[in-house]
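One structure is given here, and the rest of the page talks about it.
The values are calculated or read from the model by the stated rules, or taken from the named source; none is laboratory data. Note that the structure is predicted; figures quoted are calculated from it, not measured. Don't worry about glycine lacking a Cβ; one is built from the backbone with ideal geometry, like all the others, and counts go over all protein chains shown.
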Amino acid sequence: MPNNEILNYIKTGLANGENKKEMTDALLSAGWGSGDIQEAIDTFPTVAPSASTVQSVPVQSVSVNAPANKTITEKDYPITTRWILKNPIIVLFLGIIMFLTGDILNSTLAVLAAFIYIFVGYIIRANFHYSLDDKYFHIKQGVISKTQRNLPYGVIQDVFVKQNLFDRVFGIASLRIENASQLGGKSGGKASWLNKSYGMGSYSGRDGVGSSGNKINLPGLKKQDAEVLKKIILQKMKENPIEESGL
């Protein structure tokens, strides 16, 4: 069922001639989940407001503040699986070059390697989860060796959105978080057995998904979602300075 606060905001905005994209951006910036916003927007037909329905109440007077104590999860800002295709595409491209030069064996191995990259990437992605509450940025990852990190916002040093050529082509971006310490969960933040044994580090840590050392990377986000998450984390950093983090 759509959230009443979001419904009221959209209803008033439409009555004042605001478009749905502007209202969606405002709600995302306030911390509302994209699923809740879309559910509310879908209840309104895409029609222009008539003169009789236009109200004099400005849109700005309607509250779009994030719900109190709301825990943000990957369901609100999902990581798409498009980023998994990066390495397979590169390997397949090399395989095509080998095939054209007559190197059938290595081109076949390149195709096999591409499928392995995709398979392992999906496994690693399926075992990665993140969430944000009032005090901590939580990370769970690992295929066989499970790890968990609970990162206080006070130790975060930098948050930025990264978008390389591959990301721009596929319409995605990465959110990079760098912190001052290497706080880990029960297993001390070690890489998973699968990553170590099969050299799949490109799918975890700095260049892939998950936590490695003092960095956390969330690839495959929609560009808009990455920017909203950045704003949310920066705000929480202000609300939870290092002095209050207990470190």
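Only residues that are of a type in the set (A, V, I, L, M, F, W, C) and modelled with pLDDT of 90 or more were counted in segment 129-171, giving 9. With the structure loaded, tell me whether I118 is free of Cβ contacts under 8 Å to residues at least 60 places away in the same chain, hydrophobic (A, V, I, L, M, F, W, C) and within 30 Å of E227 (Cβ to Cβ) or whether it fails that test. Judged against the criteria, I118 is a match. Does at least one position in segment 176-190 carry a residue that is assigned to a loop (DSSP other than H, G, I, E, B), closer than 22 Å to Y153 by Cβ, modelled with pLDDT under 50 and basic (K, R)? Looking for residues that are assigned to a loop (DSSP other than H, G, I, E, B), closer than 22 Å to Y153 by Cβ, modelled with pLDDT under 50 and basic (K, R), one finds at least one in segment 176-190, hence yes.
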